[in-house]
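K.L.:
Can you keep this structure in mind? I'll have questions shortly.
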Number of protein chains: 2
Amino acid sequence: MIYQLALGPRERKSPYFDSTIRAGASHFTIYNHMFMPVSYGDPDAEYRRLIEGVSLWDVAAERQVEISGNDAERLVRYLTPRNLNELVIGKGKYVPLCDHEGRLINDPVLLPLSDSRFWLSIADSDILLWVRAVAAEGGFDVTVREPDVSPLAIQGPKAEALVVDLFGDWVRELKYFWFRETELDGIPLIVARSGWSKQGGFELYLLDGSKGNMLWEHVEDVGAAYGIGPGAPNYIERVESGLLSFGADNLPDSNPFEVGLGKMISTDRPDDFIGKEALRRIKETGPAHTLVGIKFDGAAVKPNEHPWTVLINETPAGSVRAVCFSPRRLENIGIALIDSVQAAVGTELKIQNGSLSYMGEIVPQPLVHPGTPLPAFEE
Amino acid sequence: MIYQLALGPRERKSPYFDSTIRAGASHFTIYNHMFMPVSYGDPDAEYRRLIEGVSLWDVAAERQVEISGNDAERLVRYLTPRNLNELVIGKGKYVPLCDHEGRLINDPVLLPLSDSRFWLSIADSDILLWVRAVAAEGGFDVTVREPDVSPLAIQGPKAEALVVDLFGDWVRELKYFWFRETELDGIPLIVARSGWSKQGGFELYLLDGSKGNMLWEHVEDVGAAYGIGPGAPNYIERVESGLLSFGADNLPDSNPFEVGLGKMISTDRPDDFIGKEALRRIKETGPAHTLVGIKFDGAAVKPNEHPWTVLINETPAGSVRAVCFSPRRLENIGIALIDSVQAAVGTELKIQNGSLSYMGEIVPQPLVHPGTPLPAFEE
């Protein structure tokens, strides 16, 4: 079954769009109102490139919400339940956002650009609207806008060598989540050691959307020596590594304690923040659901189109959010949101997708540890 | 070029999804985080069915934001710049929403269900987040949630006869935008005379997502006598009829005066509402851009993937938002957002899409009047 995506101006094309088409992009999604390639038609090669080589991803759809002005820092602190005491200019920080009832509404990376200018590098929900509403109704003296910024990710074990070739040796000193503004042949950008994989790598935050294809081609040219090829946020690798996929793993009313972000939530912070009372209550009573890793039997599965049902002792107990066949565990694995009382490692599960069913169990996360190699295949 | 859409649990399937697949849905978009069919592979037949017969559309992605509680009506009035003095329970109303700077952020239909319960039936942006932020920060005593409600549209000149067969003669008395709660063989729903076309019709707001395919099949069975077939919000008909497509026709910072919604904006209302001061200023100075109808030369065009450029006297003067070949005008037409000083009817335009260019002019809207028949074709 082929589902074709209709292209039109209601969604935006990424600044890298033409390059991704030339590189053979075959499958897309829409993310933050932007077309985003998710596959180039050869999932095995894309996975291998990420685990063993270096991969180039159009992640322009990871949009920025810029908060600037006198009250910018105060607003940023109010927006997230995370403790930002150690906020440092030039160092990114993962900051879950909640609403006033403690529901998770996005899980951005915060980039402090100065003491009065911040970016939230967001997952797929309209945080621009959210922040504007909070700022205006709360009387914060800030400007909130979406700047012309479009990240391009370079991920995989050979990413560092390539990025050193592009920018110089100083990149080696850039620690995880740190970033620095620079340029590449006149293309303005920010280099960050970050990205949505556990294979290491960088994100280039392009600061001029008109130069997207120029940047892509430059990276591709220099990357040829390392066998670079196109890819996308990798479905299998993220399941193996236990990276949260906002919108896929959580329910619309999930709170951060349910999806493994409890340690990011500082309900004892002295200052006020959105959702504080609700999160305090949830922390006391404990989360209703828990996100867990699973493995299950059967022939190698394809990624699921929709959540599957989990039964424990023949009773519905939650949903499977994502499944795949792991090339490094050589078995079917997945991520499931389970009633907390039944979420212990070792619990046996029955999994149902329509008329198909599988037997499985809850296993520790991450399902595959970073650094685990691909098994050698016989030719 | 085929762009495949990747399906996964980050977006939801509509309650009608399986029925739309069985009916041959070929092209999809993502709208309010839900997969939405936009074509069944035969655009000519889908258009003809809407203009001459009756068409069935999965518009479950038109989600509802429910506002209920003591301050529900006060919040609804605060959210929109439209004057709601004549608010009537049981009668829908088109209510543009703006942010505090007067930017258009959605253009829902408001359904007043009681004096303390309202739905905003929304276009594609996260108004649930927006309303929750405004309600919580503004101290409104309300509950804001997305109920389990999924509209199914029945559109076209034969829609009324079919809906009478389904529900009875009382439907004939239902005036435009009025709605009534009822059921169909145990399926709870709301019937409204509404829908995103100028060909007449109804929307059935299904109130139980588990019964989507049952409802689809029931309508399909009874509709067979009228030659019903699947369709979707129709790209060509909406361009011909001048219906605003939120997100496609406007820019991220467009205000309602720029996109033809000026008469909905009551800046002289005595009570406060979001964006009042900004909209008052914009009304005084006049909108920077104006949405206009255009026609242009050349061979019949396909729908555009992205905005095209408009030149007037060889100078960039705006963008073409949507184009099509009109089967009822028998020429290329479109909708363009033009610098207001140059937006007079009769203005000549040069239109550019990459290396292709067309000559055209600004013409009055609607581009095709409701009731205009399709020309007879020679076999």
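Only the coordinates and a few stated rules stand behind these numbers; no lab work does. This one's a predicted model, so the numbers in the text were calculated from it and none came from an experiment. Cβ: placed from backbone, ideal geometry, glycine included. Neighbour counts: every protein chain shown.
K.L.:
Just to be sure before I move on: is A:P270 of a type outside the set (D, E), surrounded by fewer than 18 Cβ atoms within 10 Å (Cβ to Cβ) and farther than 24 Å from A:H369 by Cα in the structure I sent?
P.N.:
The answer is yes for A:P270.
K.L.:
Separate question: List the pairs whose first member sits in the stretch A:148-160 and is touching a residue at least 60 places away in the same chain (Cβ under 8 Å), whose second member is β-branched (V, I, T) and assigned to a helix (DSSP H, G or I), and whose Cβ atoms are under 8 Å apart, counting only residues at least 6 apart or on separate chains?
P.N.:
Filtered contacts from the stretch A:148-160: A:L152/A:V219; A:I154/A:V163; A:I154/A:V219; A:G156/A:I51; A:P157/A:I51.
K.L.:
Right, something else. Of all residues in the stretch A:11-21, how many are within 25 Å of B:A123 (Cβ to Cβ), more than 7 Å from every other protein chain (Cβ to nearest Cβ) and either without any contact (Cβ under 8 Å) to a residue 40 or more places away in the chain or among the acidic types (D, E) (or both)?
P.N.:
Summing the residues that are within 25 Å of B:A123 (Cβ to Cβ), more than 7 Å from every other protein chain (Cβ to nearest Cβ) and either without any contact (Cβ under 8 Å) to a residue 40 or more places away in the chain or among the acidic types (D, E) (or both) in the stretch A:11-21 gives 2.
K.L.:
Whether any residue in the stretch B:104-127 is within 14 Å of chain A (Cβ to nearest Cβ), more than 19 Å from B:K263 (Cβ to Cβ) and over 17 Å from the mean Cα position of the chain (by Cα) is what I want to check.
P.N.:
Looking through the stretch B:104-127, none of the residues is within 14 Å of chain A (Cβ to nearest Cβ), more than 19 Å from B:K263 (Cβ to Cβ) and over 17 Å from the mean Cα position of the chain (by Cα).
K.L.:
Let me ask you something else. Do we have any residue at all in the stretch B:42-51 that's within 11 Å of chain A (Cβ to nearest Cβ) and crowded, with 17+ Cβ neighbours inside 10 Å?
P.N.:
Yes: the stretch B:42-51 contains one or more residues that are within 11 Å of chain A (Cβ to nearest Cβ) and crowded, with 17+ Cβ neighbours inside 10 Å.
K.L.:
Give the number of residues within the stretch B:203-219 that are acidic (D, E), outside any strand (DSSP E or B) and touching a strand residue (DSSP E or B) at 6+ places or on another chain (Cβ under 8 Å).
P.N.:
Within the stretch B:203-219, the first condition is being acidic (D, E), and the residues that meet it are B:203, B:208, B:217.
Add one more test, that the residue is outside any strand (DSSP E or B), and what stays is B:208, B:217.
Filter once more, so that each one left must be touching a strand residue (DSSP E or B) at 6+ places or on another chain (Cβ under 8 Å): B:208.
Within the stretch B:203-219, residues that are acidic (D, E), outside any strand (DSSP E or B) and touching a strand residue (DSSP E or B) at 6+ places or on another chain (Cβ under 8 Å) number 1.
K.L.:
Ok, one more. Which residue out of B:G8, B:G24 is on the phi > 0 side of the Ramachandran plot and either more than 20 Å from the chain's Cα centre (by Cα) or more than 8 Å from every other protein chain (Cβ to nearest Cβ) (or both)?
P.N.:
On inspection, the qualifying residue turns out to be B:G24.
K.L.:
So, in the stretch A:307-353, of the ones that are within 30 Å of A:G371 (Cβ to Cβ) and among the polar types (S, T, N, Q), which residue ends up farthest from the chain's Cα centre (by Cα)?
P.N.:
A:T347
K.L.:
A further question on this structure: Going residue by residue through the stretch B:114-129, is there one that turns out to be among the aliphatic types (A, V, I, L, M), touching a Gly at 6+ places or on another chain (Cβ under 9 Å) and either assigned to a strand (DSSP E or B) or farther than 18 Å from B:S266 by Cβ (or both)?
P.N.:
Looking for residues that are among the aliphatic types (A, V, I, L, M), touching a Gly at 6+ places or on another chain (Cβ under 9 Å) and either assigned to a strand (DSSP E or B) or farther than 18 Å from B:S266 by Cβ (or both), one finds at least one in the stretch B:114-129, hence yes.
K.L.:
Let me ask something else. Given (1) closer than 15 Å to A:P81 by Cβ; (2) out of contact with any helix residue (DSSP H, G or I) (no Cβ under 9 Å at 6 or more places or on another chain); (3) away from every other protein chain (no Cβ under 14 Å), where does A:T285 come up short, assuming only one miss?
P.N.:
Evaluating A:T285 over (1) closer than 15 Å to A:P81 by Cβ; (2) out of contact with any helix residue (DSSP H, G or I) (no Cβ under 9 Å at 6 or more places or on another chain); (3) away from every other protein chain (no Cβ under 14 Å) leaves (1) as the failure.
K.L.:
Next up: Tally up the residues in the stretch A:220-241 that are part of a loop (DSSP other than H, G, I, E, B) and buried (at least 19 other Cβ atoms within 10 Å of the Cβ), please. Before the answer, list the steps.
P.N.:
So the first thing to find is which residues in the stretch A:220-241 are part of a loop (DSSP other than H, G, I, E, B), and the list is A:227-228, A:232-234.
Now drop any that are not buried (at least 19 other Cβ atoms within 10 Å of the Cβ), which leaves A:228, A:232-234.
Adding up the residues that qualify gives 4.
K.L.:
On to the next question. In the stretch B:249-260, is there at least one residue being surrounded by fewer than 17 Cβ atoms within 10 Å (Cβ to Cβ) and free of Cβ contacts under 8 Å to residues at least 40 places away in the same chain?
P.N.:
no
K.L.:
Keeping to the stretch B:22-53, report how many residues are polar (S, T, N, Q) and free of Cβ contacts under 8 Å to residues at least 60 places away in the same chain. Give the derivation first.
P.N.:
If we filter the stretch B:22-53 for residues that are polar (S, T, N, Q), which is where we start, we get B:26, B:29, B:32, B:39.
If we keep only those that are free of Cβ contacts under 8 Å to residues at least 60 places away in the same chain as well, we get B:26, B:29.
Within the stretch B:22-53, residues that are polar (S, T, N, Q) and free of Cβ contacts under 8 Å to residues at least 60 places away in the same chain number 2.
K.L.:
Check the stretch B:111-123 and report whether any residue there is within 27 Å of B:R280 (Cβ to Cβ), in contact (Cβ under 8 Å) with a residue 24 or more places away in the chain, out of contact with any Phe, Trp or Tyr (no Cβ under 9 Å at 6 or more places or on another chain) and of a type in the set (D, E, K, R).
P.N.:
No.
K.L.:
So, one more: If A:N70 passes every condition in (1) within 14 Å of chain B (Cβ to nearest Cβ); (2) out of contact with any His (no Cβ under 6 Å at 6 or more places or on another chain); (3) not β-branched (V, I, T) but one, which one does it miss?
P.N.:
Of everything listed in (1) within 14 Å of chain B (Cβ to nearest Cβ); (2) out of contact with any His (no Cβ under 6 Å at 6 or more places or on another chain); (3) not β-branched (V, I, T), A:N70 misses just condition (1).
K.L.:
Under 7 Å between Cβ atoms, at least 6 apart or on separate chains: pull out the pairs that start in the stretch A:270-299 with a residue that is within 25 Å of A:A343 (Cα to Cα) and end on any residue that is part of a helix (DSSP H, G or I) and among the small types (G, A, S).
P.N.:
Here the result reads A:G286/A:S340; A:P287/A:S340; A:A288/A:S340; A:H289/A:S340; A:T290/A:S340, each pair linking the stretch A:270-299 to a residue that is part of a helix (DSSP H, G or I) and among the small types (G, A, S).
K.L.:
Output the residues belonging to the stretch A:157-202 that are crowded, with 17+ Cβ neighbours inside 10 Å and in a helix (DSSP H, G or I).
P.N.:
A:A159, A:E160, A:L162, A:V163, A:L166, A:F167, A:V171
K.L.:
With the structure loaded, tell me whether A:L84 is more than 23 Å from A:S197 (Cβ to Cβ), within 14 Å of chain B (Cβ to nearest Cβ) and either under 21 Å from the mean Cα position of the chain (by Cα) or basic (K, R) (or both) or whether it fails that test.
P.N.:
Answer is no for this residue.
K.L.:
Right, next: With a cut-off of at least 1 residues that are farther than 22 Å from A:R10 by Cα, name the strands (runs of 3 or more DSSP E) lying wholly within the stretch B:24-83.
P.N.:
So the answer is B:55-58, B:64-68.
K.L.:
Out of all the residues in the stretch A:319-329, is one or more assigned to a strand (DSSP E or B), more than 28 Å from A:P256 (Cβ to Cβ) and not β-branched (V, I, T)?
P.N.:
yes
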